1. Would you check if there is a residue in the stretch 284-301 being of a type outside the set (D, E, K, R), exposed (fewer than 13 other Cβ atoms within 10 Å of the Cβ), without any contact (Cβ under 8 Å) to a residue 12 or more places away in the chain and under 30 Å from SER178 (Cβ atoms)?
2. Picking from THR229, THR241, which residue would you name as being hydroxyl-bearing (Ser, Thr, Tyr), outside any loop (DSSP other than H, G, I, E, B), touching a Gly at 6+ places or on another chain (Cβ under 8 Å) and at pLDDT 85 or above?
3. Just to be sure, is ILE78 in a helix (DSSP H, G or I), out of contact with any Ser or Thr (no Cβ under 8 Å at 6 or more places or on another chain), surrounded by 13 or more Cβ atoms within 10 Å (Cβ to Cβ) and at pLDDT 85 or above?
4. What are the pairs with Cβ atoms under 6 angstrom where one residue, in the stretch 262-283, is loosely packed, with under 13 Cβ neighbours inside 10 Å and the other, located anywhere, is of a type outside the set (Ser, Thr, Tyr) and in a helix (DSSP H, G or I)? Sequence gap at least six, or different chains.
5. Count, please, the residues in the stretch 109-136 that happen to be surrounded by 13 or more Cβ atoms within 10 Å (Cβ to Cβ) and either outside any helix (DSSP H, G or I) or at positive phi (or both).
6. Using beta carbons and a limit of 6 Å, which pairs, at least six apart or on different chains, have the first residue in the stretch 42-54 and farther than 12 Å from PRO70 by Cβ and the second one outside any loop (DSSP other than H, G, I, E, B) and hydrophobic (A, V, I, L, M, F, W, C)?
Amino acid sequence: MIDEEGKAYMRRAKKICRKIKCCSIAFSPEAAIWIRRVQVYYSILRYHKGKIKNRGNLKRAARRCNISDPLRIPIKEIVLRLEACKKECLFYQEHGKRFRRKHLEERKRVAKENDDEEAFASISAIIQREHQRDFWRRLNFITGKKRTRSATTIQVESQGGAIMERMTQEKVEQEIFSEVHNKRYTLAGEAPICNGDLFQDFGYLANTPASHAVLDGTYKMPTDSDPATADLFTEIAAIRTLIPKDSVSITIMPSQWKHYWQVVNEETSSSESGLHFGHYKVGRLSDIVAHYHAARVTVTLAHAIQLERWSRGLSVMLEKTLGVTLVTKLCAILLIEADFNATNKIVYGDRMMKNVRKYNLMPEETFSEKNRMADDGTLCKTLFYDITRQARVPAAIASVDASNCYNRIAHAIVSLVF
């Protein structure tokens, strides 16, 4: 049994472990040793509380960390050792980047000596990426980049041009609904496919026989139809002949589900239902829960089940410019369910994009890829200028930011393209 003094030491040790877990430590072999020792000491404490029954595993783990006679260490001594581990972890929290860089350079040298080109390229990319991230993090901190916030009060422009401010919740929601939902989210209705004979053929979601005719290249455009829409239909049919049907799998395996939730940021806002990112990050630690979550979204996709919570979202209004709350200048984003968001990213953002690259439909000048830097795009632009000057070819580059472009995408066209 643990006496009152022992319980006090246990509470103190728990606080130390909690603080160490909250430390952001740059991974290196030196830091990993101390982190692992903290885990072993915490397991020894759980053994004293009777929560660990397998003494063999605990002894083996302690032996790997050079901890002798782990089961005979008194609780008071464990607390003192945890204090020492805390000091070491704080040291690596402050200076760990130097040790991590040294470790990566060593692994890079070994890969070069072993002629392992894949490992060498991968480690070089990690070093470059971390160097760039550290540089821009320091630069943003020094320049004092201001962060915007969500809008609690908004301003609206009256017909006479006067600016009026709305401060109560009811009026704020009413103005946002009028501006965003009644105006911005209905802009797609201006597309030709959402009007006239095309709308009768395709409807809202393009799940009609006319859609299959477009994919097969046999659809006959109505008279006086929009030429740009006809060109889109031609390209859609050409891509369908190039890429086989059902070439993108909608089955999500538990291992793929675990991998996705391993790297996401738990603090990301989502899910009006309350099933936020934290639920799925914790669920990936259990084989049973991860299998259930992966099977649930796979069955939902395979059988086209319409989940009620997937059809609901939370609109958030953010300031594009700090302090500017004019409703027409606010950025509207939609928070959807966490598992719905993950499913879309896995199927559309990952698998479909891989398919696009597989069939060489992705332009080479796209720089929003992993291990790509902003410098690559700038260099490509400079080379473009040089080549056009030397070849004496008339050319131009335009940086175009289309107004409300995402709000103008008709669902029927999106369905056909996908």
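The values are calculated or read from the model by the stated rules, or taken from the named source; none is laboratory data. A quick note: this is a predicted structure, and the numbers were derived from the prediction, not measured. Using ideal geometry, Cβ is built from the backbone for each residue, glycine included, and neighbour counts are taken over all protein chains shown.
1. no
2. THR241
3. no
4. What qualifies is GLU266/PHE277; GLU266/GLY278; GLU266/LYS281.
5. So the count comes out to 1.
6. Correct list of pairs: empty, since none qualify.
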